[in-house]
Structure formats: C-alpha cells, structure tokens
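Written out below as structure tokens is the structure these notes cover.
We did not get these values from a lab; they are worked out from the coordinates using the rules stated. What you see is a predicted model; the values in this text were computed from it and never measured. Here the Cβ positions follow ideal geometry from the backbone for every residue, glycine too, while neighbour counts run over all protein chains shown.
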Amino acid sequence: MDWGMKNRMAQLIQSDGRCLFLPIDHGYFQGPTRKLEKPGETIEPLLTYCDALFVTRGVLRAALDPADIKPIILRVSGGTSVIGKDLSNEGLTTSMEEAIRLNANAVGISIFVGSDYERESLLNLSKLVNEGERYGIPVMAVTAVGKELEKRDSRYLALSSRIAAELGARLVKTYWCEDFEKVVDGCPVPVVMAGGPKVESELEVFEFVHDGLQRGAIGVNLGRNIWQHEYPVAMIRALRAVIHENVSPEEANDLFNTITKG
Ligand code: 5RP
C-alpha cells in the first residue's frame, strides 16, 4: 500500500483498529429522509463523536463546513430513486478528480449482487477501484439489498462482501446478521456494519454492534439508529463506547440512560 493510501486509511480506521462512520448519504435516493432534512444541523452535535462521515458531494458542499469537519467518505454511486423502477440500476455519479478536489479520504459505491444490474454495479466498482488505486484513494463497497431486506443473511452477505473484496474494495460495508463471522471470515478486507432502519430499543443496537465486533467487524457505518433517535448524542456516545472502549451492551445502555438523564 502506498503512503497516501495508508494515510487515508489511517484517518478512517483509528489506532485501536476500530471505526465509527456516520452516514448521511440517504438523500441520494430517498430525498429528504426524516431528521436529515437539514443535514448540517442534524450532524452538528454528533460530529465530535464520529470518526468519518459518509456523504454525497452535494450535501458536503451545501451543508458542511470545510474548516470544521471529520474525514470524508464520498458517496459516488447513484442515479436511482425510491420511486423509480429499480434501485439497483446505479451508475457512477462523481469522478475521482472531484473526490480529490473535495479532499475525500475514501469513496463509497453500492453493489447489488443478485439483482438485474449485478454486472453493471460490479463493473462500476472495478472501474472505481482502478481509478482509486491510481490516486491512492480507498474504495468502500456497500453491499446493498435494495428494498429486499430479507436478503440480510450470512450466505448472501458473505457472497456480496467477498466479491467486493475480490474486485479490490479496501473496505466493505454490509449488514449485521446471524452467524456474522461467516461474512467476516470470508472477506479478506475490513468489514463495517450498517445499521438499517430504526429499531425499537437502544439495547438492540448496542447488542448487534457488540456481537458484530466480537465476530470480527472493525466498526460501523450507522446512521438512522443514531440521528433518527430522540437522543442522538446519547446514542452515538454509547455506541462509541461499545466500539472504542469495548463496553458491553448493558454498560452502553447504562451510559445511554445516564446521558439522557443528565
Ligand atoms: C444508504 C447507505 C447508508 O450509508 C447505510 O445504509 C447506513 O445507514 P443506516 O445505518 O441508516 O442503514 O448506504 O444509502
């Protein structure tokens, strides 16, 4: 790995080998997602506690302060919407030159294994990796499941994650699932977990994140269960403790309760 690539990766993955990425890219296909209508305001109190942001160039330029920001993973795939025909028909939206201009630490792209557009999304990933490697910019592959959330089992996610790594992704973002070690063990590059739709209890989030870390994930790229929560700062601080301080889910829950009461 060249110095530039190493340096960018080191800013994303902290010295303890773990990471907490905060994604706010949902608008690229969902429009003004609940609680993300004004992304700059939503993330302002959370910024201190995340290690990087996952964001599109549009929101980056329009809503984020270049003088007060964390490392950026730039979402560079898109071209579809929740009301369109097929979410998996994504293309590359942003050039590597633009990623360099924006001083991105990494770029992120979704792949849709098993969909009608599997081939296109995988070749888009490969093209992005070719360009990223030329300039020392790591690529994070997002194993997307479209609207079919039932695809979140270890067999499917292990297949998608391994293919992403084979094509050159330096990081893979996938979903937590039962037997998560099957996903991580079959993937030769670091794996981070997405959060998925907001769940009912905080403890549920701390439990799956803790479990995923025990089974080999290096951290999270987790959005809605933080910024759609009534107490987003308490959520991100408790999650940070799970990830960077190795606290148990129960200890994280106690911390969450203490912060919300204070
Ligand atoms: C959506 C994404 C998100 O970055 C990813 O799903 C993580 O966010 P959440 O925790 O809200 O699921 O790729 O475009």
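Based on DSSP H segments of at least four residues, each scored -39500 (n - 2.57), the chain has a per-residue ellipticity at 222 nm of -12000 deg cm²/dmol.
Peptide packing: for 110-118, 238-246, the average count of neighbouring Cβ atoms within 10 Å per residue gives the ranking 238-246, 110-118, highest mean first. Among Thr42, Thr93, sorting on how many other beta-carbon atoms sit within 10 Å of each Cβ, with the fewest leading, yields Thr93, Thr42. Would you please classify the overall shape of region 3-261 from the alpha carbon gyration tensor, given that a ≥ b ≥ c denote the square roots of the eigenvalues, rounded means a/c under 1.5, and beyond that prolate means a/b larger than b/c while oblate covers the rest? It is rounded, given that a/c, with a ≥ b ≥ c, falls under 1.5.
Beta bridges assigned by DSSP with both partners in the chain are antiparallel in approximately 5 percent of cases. Classify region 52-202 from the C-alpha gyration tensor, please: rounded if a/c falls under 1.5, else prolate or oblate depending on whether a/b exceeds b/c. Cα axes put region 52-202 in the rounded bin. Using a cutoff of 8 angstrom between alpha carbon atoms and counting only pairs six or more residues apart, the relative contact order for region 3-261 works out to 17 percent. Beyond 21 Å in Cα-Cα separation lie the following of the pairs Lys151/Lys182; Lys127/Lys182; Lys38/Lys147; Lys147/Lys198; Lys85/Lys151; Lys35/Lys173: Lys127/Lys182; Lys38/Lys147; Lys35/Lys173. Charges were assigned to the Cβ only: +1 to each Lys and Arg, -1 to each Asp and Glu. The resulting dipole of region 3-261 about its Cα centre is roughly 720 debye. Taking region 101-205, which trypsin sites (Lys or Arg not before Pro) meet the DSSP loop condition and have no more than 12 other C-beta atoms within 10 Å? Loop-located and lightly packed - Lys147.
Rounded, prolate or oblate: which one fits region 151-262, using the alpha carbon gyration tensor with axes a ≥ b ≥ c (rounded when a/c is under 1.5, else prolate when a/b beats b/c, else oblate)? Cα axes put region 151-262 in the prolate bin.
Shown here for region 1-76: trypsin sites (Lys or Arg not before Pro) in loop regions (DSSP other than H, G, I, E, B) with at most 14 other Cβ atoms within 10 Å, namely Arg34. Cβ-to-Cβ counts within 10 Å put Tyr231, Tyr28 in ascending order as Tyr231, Tyr28, the fewest first.
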